[in-house]
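The next block holds one structure in the form of structure tokens; read it before the comments.
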Amino acid sequence: MSELFLLRHRQIPGLNQLSTYLESGGFETWKKAVTSLAPEDLVNEVKASGLRGRGGAGFPTGTKWSFLPNTIWPHYVVANADESEPGTFKDREILEFNPFQFLEGLMLASYAVRAHIAYVYLRGEFWQIARKLDERIAELTSNGYLGENLFGRDYSLRIYTHLGAGAYICGEETALLESLEGRLGQPRLRPPFPAVAGLFGLPTVINNVETLANLPIIIGKGAAHFRTQGTEKSPGTKIFSLSGRVKKPGNYELPLGTTFRELIYKHGEGIINDARIKAIMPAGASSALIPATEAALDTPMDYESVVELGCALGSASVIILDETVSASALVSDTIHFFKHESCGKCTPCREGTFWMARVIDRIETGKAREADIDLLAGIARQMQNKCLCALGEFSTVSVLSAIENYRADFEARLEK
Amino acid sequence: MEKQVTLKIDGRSVTVPDGTLIVDAAKQLGIVIPVFCYHPKLKPAGMCRVCLVDVGRPQLDRASGKPVLNEDGTPKITFGPKLETACTTPVSEGMVVWGATEKVMEARKEVLEFLLTSHPLDCPVCDKGGECPLQNLTMRFGPSESRFEFDEKYHNEKQVPLGELIILDRERCIQCGRCVRFQEQVVDEPVIGFYERGRAMEIVTYSEPGFDSIFSGNTTDICPVGALTTADFRFGARPWEMKARASICTQCPVGCNITYNVRREARKDGRTVIKRVMPRQNEEVNEIWICDKGRFTYHYYESPERLTSPLIRRGDQLVKTSWDEAIEYAAQQVKAAGSKLAVVTSGRLSNEDLFTLKQLSEKTGGKAILHSAISGGDRVAMAGMTTGSDLGKLSKGSVILVFACDLHEEAPIWWLRVKQAAERGATLIVVNPRNTRLDKYATHRLRYAYGSEVSTLRTLLADTGDIGLAVNEAENAVFIYGSEGIGLNASAGAADLLAAWLERSGHRGKANSGLIAAWQKGNDQGAWEIGFKTDEHLAETISAAMGVYITAADPASEDPELKIALQRAGFVIVQDLFLTETAKLADVVLPVQAVMEREGTVVSGERRLQYYAPAIPAPAGTRVDHAITSAIAEAAGIQLEGNNAGELFAQLTREIDVFKGITLQDVQAVHEQTPSLGRSGMYYGGTSYENLEGLGVILPLKVGALPTPAEVIELEELTIPEDRLLAVPVTRLYDRGGTVTASGMLQQRIARSLFSLHPADAERYQLKAGERVVLNLDGREIEGEVDVDSGQPQGVVLVTRSMGALLTAPVLVKLSVPQRSAVNS
């Protein structure tokens, strides 16, 4: 078993109690940072660690931080806890069971960019978590870890939680900012990027919960220690949310570069009823259906290798399909999901997801002809590279890969 | 000079200011890059995606930062993996844009196909059909047929009133958000927005009453489909059936350029009628906008209450008579009155009418009186705006001072222009006794007590602080005064002092600087320029007159003293559209023609001389004002020059200094305007009208000496006793003025409450908003509903003008509550 960086609560019971977290060395890194480290030291350490954003895009975290101009103040840090990708349930575990490590990470990120206010934007369904977080933030404040002039130094930090209202799109960082500002959650035009003009038009860092939870390890134990896990280009561990037709679904924290085979067969204990595996969706509803060939199963799960399979690692929500699953039925689900979640701002996504839903409904109800399968693929291709944000683009990925690899599943549903 | 950038679009080179968007640069070359969500008056949104183009940029060497060159020495251009939106991407040096390649045309076609999948395609019954960007762009760039199953179309409500004025068709909406952004970014009345998401996303109003904005009609112009329509034009006509008739809105002194769309109407016995009013672009006056009052009041011309026959008094009755008899009778009276004739008129008339009246009054030796709530137009003539002025050019370094004026209510488009100037960096100073909608944008806000206008200005003139300094150091200074709580004396004093201030600060006579009065009628300034003056002793003048000749004014409904005076006057001739309270007192009533039924010139508050042509034929039995005056004069043996509008205009420009040398050709001249909307083009269909009929001419200033501040008479300030309130008249946009009421469209928007009190006073009298109260002034009682507003001072009751409350200047009143006194007694 490799070292756990994130799901440490599985080894230390009661880690979501402040006392336990403190006993395990919690907030020592925070204290050290504020009292003896310069913000630049944190940025450099994170850069050296090679940590990449765990929200999906895999962008180097330290580099993202360094984009904030030091001529415009104040800076903000926002934790993206809008975990909404179907098949992703990793941030929730961190927030519920290892919340202080996440908060410490958020605090370190804030210190690194000299922000005095940080927000945690949670999906609306996480209201209970938000309530607990509020209590924990209050606890930290009363214990002197948050507030004014921390540890007697000239640094103050406050953290606020904010609940979304049930929109997947608000996980997209600019839509998140709109929502946080009290507006309709729709993505903004880029440029300007949030690093320059983010929350309230000011420089803003937006990091995923899991990304932030890595920071106490990196700052506390050093970049070199962090790099003992994972690969050269994808260092560290990653929580893989395994779901679908596996015997033992769940979150597995494994070094980046672990193979799909190890995740599915060792940790997930194989396929239900020992059926034959059909396909892997490595990044939730946004991912392609990758035929589970031997080569695919032996592919290491890191940012580069998965791309070579024609898909992104995303937030590593690995959904397993076996031969009992019709690709057409699955695609019907993803299309309806994206149709429901399309914000409506740009034409291709708003109309394209709606149109695809009409066509897949016809297919799934046996009212379609062969040409409708091509039409469905055509609509998906027609949407590509035209949308305002990634949501619309993602909605096409499963459709096209499913038709390409499992056309027979669609044909089986056609009008007889 | 701003930095210029050169780029190539479709192989053609163009140089534009840095920061220009690709779509606008292309337009300069005449290259059509289609847009829906983009509009040059709004911030780019990049939502509709129809403007996707292929954008290449010079590749730069990382080490040297210099462009990488091809073998032939030309810069190497790198194209991105995706097409980019031309409406959000600014140009850059050396950029190469392809807007008509197969890849781009295909993308355009695909986006259009997407838009049409949910569109109801009810063009045959859609108001926008014929001037619809979606229709135009589909014809030019779209697919000839859709692959979408018609039966699977998304259905939604087709008739959603966003208020009683604007109706939304949710099926036709393409979610471009132009309307939402207009309300947020342009007029800052964010009362509509998007609700829900995805295909279900729809426009909603969240104000009470719905779509509570005085600019709402503009959203129907910029809507690129038939989703937003006005309640009066909806299903009214097809664009190609209508003719465009250029005109000027005369509802307020802004002088917005408008276009009447007219057609012959089977339901109206084949008569030519107005189907709608649209803005006509004049970037120096109203840009491409008009207010809802200007858009919806025109219906008054078709009111069944219109007078179409002369009336003559027989005992207690006014009875119909012939024009010959009416003119003959009026002429006899004019002749008999001689120098004891009082001519009373207003800025509702054209310069030609006013000039004729002025001639008559000069020849008889009588008086020429302008009936107006406020005064000071002679000062505006000498220190007003002059050639080269454009509020749209005011920005940092300019000062705009708004005094005794609720500009949002008194002249909406000026409010918008002043707000935008402040947003561009102009220093805005708002000096008013209560909060107004302009305060939000002001750099300095100053409150004074009602009644202390003259002393307040005198203090300001001596100011050496921020305000005094700002005015003195400003490149341009524009002073606007209005009718907030003041009558003739105070406004005359204010005008004197403001003009003196402009003189002292060196701004008088400078382009884009000057004094503006927010008159209540469209051509009040023209009346002053022609020589009419207000009369603070109007009641006495009328009482003493042997004959009163009233045109386009209704003093009897506004002032009880005037009503009594009119009853005492020797005889009364009234020219009007309607049987007004004043007309009811007349000995002879002569029916006139409305603005849209005749031609004329008018002078705006910014002293811009503008021309309007007849849009529709006048009703039988009516005559144009100046023709009636001429006929009366002729029958009375007085020879007036000029028989028609053209001749009168020529005469006017020979005789009155500030008009000298101006020809109608000058007034009707046009030049290219930015942004170029090209209404007939592909994508601004339905948006405003191109101005082909004239941008107008600003008059030169009248020469003359201004009074010094010391010469301005101080007014006595009223102290308010414990048991009294100071009643002050204020102006609201939607009042019970003749044309607003007769139009019928704006009934629900007319202020319900006649009076307004501060919450502390409301508490003192134990009153709640909506209750009825009685004001007792000098034994006269007026009753009305009261509103409560914490933005106004205590001890004051605001009384809305033109609502039948008969108040012309501040006066002390007693307030009582009718039911309560009934209970007590």
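Using beta carbons and a limit of 8 Å, which pairs, at least six apart or on different chains, have the first residue in the range B:462-491 and under 16 Å from B:Gly506 (Cα atoms) and the second one in a helix (DSSP H, G or I) and among the aromatic types (Phe, Trp, Tyr)?
Here the result reads B:Val471/B:Trp501; B:Phe479/B:Trp501, each pair linking the range B:462-491 to a residue that is in a helix (DSSP H, G or I) and among the aromatic types (Phe, Trp, Tyr).
Select the helices (runs of 4 or more DSSP H) contained entirely in the range A:282-345, then report the ones holding at least 1 residues which are touching a helix residue (DSSP H, G or I) at 6+ places or on another chain (Cβ under 6 Å) and farther than 30 Å from A:Leu212 by Cβ.
Ranges flagged: A:294-297, A:327-341.
Output the residue which, of all residues in the range B:161-202 that are free of Cβ contacts under 8 Å to residues at least 12 places away in the same chain and within 32 Å of the chain's Cα centre (by Cα), is nearest to the other protein chains (Cβ to nearest Cβ). Please lay out each step first, then the result.
Looking only at the range B:161-202, we keep the residues that are free of Cβ contacts under 8 Å to residues at least 12 places away in the same chain, and these are B:184, B:190, B:195-198, B:200.
Filter again for within 32 Å of the chain's Cα centre (by Cα), leaving B:184, B:190, B:195.
Values: B:Glu184: 10, B:Pro190: 11, B:Tyr195: 8 Å.
It comes out as B:Tyr195.
Residues of the range A:80-106 being within 24 Å of A:Pro192 (Cβ to Cβ) and out of contact with any Ser or Thr (no Cβ under 9 Å at 6 or more places or on another chain), which ones?
A:Leu106
Which of the numbered conditions does B:Phe211 fail, given that it passes all the others? Conditions: (1) outside any strand (DSSP E or B); (2) within 14 Å of chain A (Cβ to nearest Cβ).
(2) is the only condition that B:Phe211 fails.
Which one of these does B:Gly80 not meet: (1) within 14 Å of chain A (Cβ to nearest Cβ); (2) touching a Cys at 6+ places or on another chain (Cβ under 8 Å)?
Status for B:Gly80: all satisfied but (2).
How about the range B:34-81: which of its residues are β-branched (Val, Ile, Thr) and part of a loop (DSSP other than H, G, I, E, B)?
Residues satisfying the conditions are B:Val35, B:Val50, B:Val68, B:Thr74.
Is it fair to say B:Ser92 is part of a loop (DSSP other than H, G, I, E, B), farther than 30 Å from B:Arg749 by Cβ, of a type in the set (S, T, N, Q) and more than 14 Å from every other protein chain (Cβ to nearest Cβ)? Talk me through it step by step, then tell me what you get.
Details: part of a loop (DSSP other than H, G, I, E, B): yes; farther than 30 Å from B:Arg749 by Cβ: yes; of a type in the set (S, T, N, Q): yes; more than 14 Å from every other protein chain (Cβ to nearest Cβ): no.
Taking the combined requirement at face value, the residue does not satisfy it.
Select, from B:Val454, B:Val478, B:Val471, the only residue that is aliphatic (A, V, I, L, M) and in a strand (DSSP E or B).
B:Val478
Select the helices (runs of 4 or more DSSP H) contained entirely in the range A:3-71, then report the ones holding at least 3 residues which are under 26 Å from the mean Cα position of the chain (by Cα). First the steps, then the outcome.
Working: elements: A:18-23, A:28-36, A:39-49, A:61-66.
Once the helices (runs of 4 or more DSSP H) in the range A:3-71 are filtered for at least 3 residues that are under 26 Å from the mean Cα position of the chain (by Cα), what remains is A:39-49, A:61-66.
Given the conditions (1) over 21 Å from A:Trp127 (Cβ atoms); (2) away from every other protein chain (no Cβ under 14 Å); (3) touching a helix residue (DSSP H, G or I) at 6+ places or on another chain (Cβ under 6 Å); (4) surrounded by 23 or more Cβ atoms within 10 Å (Cβ to Cβ), report the number of the one that A:Val209 does not fulfil.
Among (1) over 21 Å from A:Trp127 (Cβ atoms); (2) away from every other protein chain (no Cβ under 14 Å); (3) touching a helix residue (DSSP H, G or I) at 6+ places or on another chain (Cβ under 6 Å); (4) surrounded by 23 or more Cβ atoms within 10 Å (Cβ to Cβ), A:Val209 violates only (1).
So for the range B:140-153 (the condition being touching a residue at least 24 places away in the same chain (Cβ under 8 Å), part of a helix (DSSP H, G or I), crowded, with 17+ Cβ neighbours inside 10 Å and facing another protein chain (nearest Cβ under 10 Å)), does at least one residue qualify?
Looking through the range B:140-153, none of the residues is touching a residue at least 24 places away in the same chain (Cβ under 8 Å), part of a helix (DSSP H, G or I), crowded, with 17+ Cβ neighbours inside 10 Å and facing another protein chain (nearest Cβ under 10 Å).
Just to check your reading of the model, which residue among A:Ile290, A:Ile335 is under 29 Å from A:Arg276 (Cα atoms), within 14 Å of chain B (Cβ to nearest Cβ), surrounded by 21 or more Cβ atoms within 10 Å (Cβ to Cβ) and not basic (Lys, Arg)?
Only one candidate qualifies: A:Ile335.
Sort out for me the strands (runs of 3 or more DSSP E) sitting completely within the range B:324-415 that have 1 or more residues that are over 30 Å from B:Asp466 (Cβ atoms).
Qualifying strands (runs of 3 or more DSSP E): B:341-345, B:367-370.
Scan (1) of a type in the set (A, V, I, L, M, F, W, C); (2) surrounded by fewer than 24 Cβ atoms within 10 Å (Cβ to Cβ); (3) in contact with a Ser or Thr (Cβ under 8 Å, 6 or more places away or on another chain); (4) closer than 24 Å to A:Leu51 by Cα for the single condition A:Leu189 breaks and write down its number.
A:Leu189 satisfies every listed condition except (4).
How many residues are assigned to a helix (DSSP H, G or I) and either among the hydroxyl-bearing types (Ser, Thr, Tyr) or touching an Asp or Glu at 6+ places or on another chain (Cβ under 8 Å) (or both) if we restrict to the range A:378-391?
The total comes to 4.
Given the residues B:Leu715, B:Leu767, which is the only one that is at pLDDT below 85, more than 30 Å from B:Ile167 (Cα to Cα) and part of a loop (DSSP other than H, G, I, E, B)?
B:Leu715
Taking the conditions exactly as written (over 25 Å from A:Glu178 (Cα atoms), more than 11 Å from every other protein chain (Cβ to nearest Cβ), touching a strand residue (DSSP E or B) at 6+ places or on another chain (Cβ under 8 Å) and surrounded by fewer than 21 Cβ atoms within 10 Å (Cβ to Cβ)), does B:Met105 satisfy them or not?
No.
Enumerate the pairs (first residue in the range A:1-13 and of a type in the set (Ser, Thr, Tyr); second residue anywhere and surrounded by 14 or more Cβ atoms within 10 Å (Cβ to Cβ) and not in a loop (DSSP other than H, G, I, E, B)) with beta-carbon separation below 6 Å, excluding pairs fewer than 6 apart on the same chain, so at least 6 apart or on different chains.
These pairs meet every condition: A:Ser2/A:Pro255.
In the range B:548-568, how many residues are over 28 Å from B:Glu302 (Cβ atoms), touching a residue at least 60 places away in the same chain (Cβ under 8 Å) and buried (at least 21 other Cβ atoms within 10 Å of the Cβ)?
Step one: filter the range B:548-568 for residues over 28 Å from B:Glu302 (Cβ atoms), giving B:548, B:559-568.
Filter again for touching a residue at least 60 places away in the same chain (Cβ under 8 Å), leaving B:548, B:559-560.
Pick out the ones that are also buried (at least 21 other Cβ atoms within 10 Å of the Cβ) and you get B:548.
Total meeting the criteria: 1.
Go through (1) within 14 Å of chain A (Cβ to nearest Cβ); (2) of a type outside the set (A, V, I, L, M); (3) at positive phi one by one and return the number of the condition B:Gly130 breaks.
(1)
Could you please find all residues in the range B:10-41 being of a type in the set (Gly, Ala, Ser) and either closer than 15 Å to B:Pro675 by Cβ or surrounded by 14 or more Cβ atoms within 10 Å (Cβ to Cβ) (or both)?
Matches in the range B:10-41: B:Gly19, B:Ala25, B:Ala26, B:Gly30.
Given the criterion over 24 Å from A:Leu4 (Cα atoms), over 20 Å from the mean Cα position of the chain (by Cα) and either of a type in the set (Gly, Ala, Ser) or within 14 Å of chain B (Cβ to nearest Cβ) (or both), identify the matching residue among A:Arg131, A:Arg183, A:Arg114, A:Arg158.
One residue alone meets the criteria, A:Arg183.
Only one of (1) assigned to a strand (DSSP E or B); (2) within 14 Å of chain A (Cβ to nearest Cβ); (3) surrounded by 22 or more Cβ atoms within 10 Å (Cβ to Cβ) is not met by B:Leu7, so which one is it?
Failing condition for B:Leu7: (2).
If I go through the range B:375-434 residue by residue, how many of them are of a type in the set (S, T, N, Q) and closer than 14 Å to B:Ala495 by Cβ?
Of the residues in that region, 1 qualify.
May I ask you to list pairs of residues, at least six apart or on different chains, whose Cβ atoms are under 7 Å apart, with the first in the range B:525-547 being free of Cβ contacts under 8 Å to residues at least 12 places away in the same chain and more than 17 Å from B:Gly487 (Cα to Cα) and the second being charged (D, E, K, R) and outside any helix (DSSP H, G or I)?
none
Keeping to the range A:354-371, report how many residues are more than 7 Å from every other protein chain (Cβ to nearest Cβ) and not in a loop (DSSP other than H, G, I, E, B). Give the steps one after another, and end with the answer.
The initial filter retains those residues of the range A:354-371 that are more than 7 Å from every other protein chain (Cβ to nearest Cβ), namely A:356-357, A:359-371.
Keeping just the survivors that are not in a loop (DSSP other than H, G, I, E, B) gives A:356-357, A:359-364, A:370-371.
Summing the residues that are more than 7 Å from every other protein chain (Cβ to nearest Cβ) and not in a loop (DSSP other than H, G, I, E, B) in the range A:354-371 gives 10.
State yes or no: is B:Arg732 among the charged types (D, E, K, R), in contact with a Phe, Trp or Tyr (Cβ under 9 Å, 6 or more places away or on another chain) and over 18 Å from B:Pro279 (Cβ atoms)?
So B:Arg732 fails the test.
The values are calculated or read from the model by the stated rules, or taken from the named source; none is laboratory data. Quick caveat: nothing in here was measured; it's all calculated off a predicted structure. Ideal geometry is used to build each Cβ from the backbone, glycine not excepted, and the neighbour counts take in all protein chains shown.
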